[in-house]
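Reading through the structure tokens given below for one structure.
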Amino acid sequence: MDIVVKGRKTEVPERFRKHVAEKLKLEKIQKLDGKVISLDVEVSKEPNPRQADRSARVEITLHSRGPVIRAEAAAGDPYAALDLAAEKLDARLRKQHDKRYSRRGARRISAAEVPAHVPDAATLNGTGALSSEEGAEAVPTKKIGSLEVQGEGPLIVREKTHVAAPMTLDQALYEMELVGHDFYLFVDSETKEPSVVYRRHAYDYGVIHLSTDTMVTQPHAPEAGGMLGG
């Protein structure tokens, strides 16, 4: 496996290529993921002088026979950005490795053992029906935040309100990649309406725009929302 280093609208000096080879240890990576096929490092430069503190951006993409793992970071120079991105890649590789290890080591439990391992698990009688349905109508309802839930409901409910300056679609995509998320909520500078950009497959992206429909009178109508989809 080789490391491919390329620049996007910028030249990559040989010194930086050597630093990449020293920073990204292939033996260490292959120890965490033995199915690695290729490792790409892309360097780009932000021309906006107001973003000089994060003008250099490094994106590392690891292709394997499993899921693609990506890590990106921005800093004042490409060397610092590479160090940050390499740390993120290492953390994600270890998380993926630990997840595979825990799955292999986990013991499957039988259906008879489920009630002993899962609190409040439903049990079935000899006919395959729920063994007890008493109290189904007596489930307490309570208010948590802005939600009305039955029973215990969600363990954690958190609401956030952010003040956001309108931005273009290109800027929203840049911000999404910068934080490493699969979606990014923003206010479109052209329409002044809330919108969402999201990652689809590989390097394809999707965008959802929300607009106010004066004909919609029911705030909880199914048409009032959107789903992230193909």
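The values are calculated or read from the model by the stated rules, or taken from the named source; none is laboratory data. All values derive from a computational prediction rather than experimental measurement. We place every Cβ from the backbone using ideal geometry, glycine too, and count neighbours over all the protein chains shown. Surface areas here come from the heavy atoms of the whole protein model, side chains and all, with no ligands, DNA or RNA. Shrake-Rupley method; radii C 1.70, N 1.55, O 1.52, S 1.80 Å.
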Suppose the filter is open to solvent by less than 50 Å² (accessible area, probe 1.4 Å), modelled with pLDDT under 90, under 19 Å from Leu178 (Cα atoms) and acidic (Asp, Glu); does Glu46 pass it?
yes
Can you tell me which residues in segment 27-36 are more than 17 Å from Asp83 (Cβ to Cβ) and open to solvent by less than 100 Å² (accessible area, probe 1.4 Å)?
Gln30, Leu32, Asp33, Gly34, Val36
The number of residues in segment 167-188 that are open to solvent by 70 Å² or more (accessible area, probe 1.4 Å) and in contact with a Lys or Arg (Cβ under 9 Å, 6 or more places away or on another chain) is 3
For segment 60-88, name all the residues that are without any contact (Cβ under 8 Å) to a residue 60 or more places away in the chain, buried (at least 19 other Cβ atoms within 10 Å of the Cβ) and in a helix (DSSP H, G or I).
Ala81, Ala85
Taking the stated definitions as given, is Lys18 over 23 Å from the mean Cα position of the chain (by Cα) and either hydroxyl-bearing (Ser, Thr, Tyr) or open to solvent by 90 Å² or more (accessible area, probe 1.4 Å) (or both)?
yes
In segment 169-182, is there at least one residue being more than 15 Å from the chain's Cα centre (by Cα), at pLDDT 80 or above and in a loop (DSSP other than H, G, I, E, B)?
no
All positions within segment 192-201 that are open to solvent by 80 Å² or more (accessible area, probe 1.4 Å) and either in a strand (DSSP E or B) or touching a residue at least 12 places away in the same chain (Cβ under 8 Å) (or both)
Lys192, Arg200
Out of curiosity, is Leu39 of a type in the set (A, V, I, L, M, F, W, C), buried (at least 17 other Cβ atoms within 10 Å of the Cβ), touching a Leu at 6+ places or on another chain (Cβ under 9 Å) and not in a strand (DSSP E or B)?
no
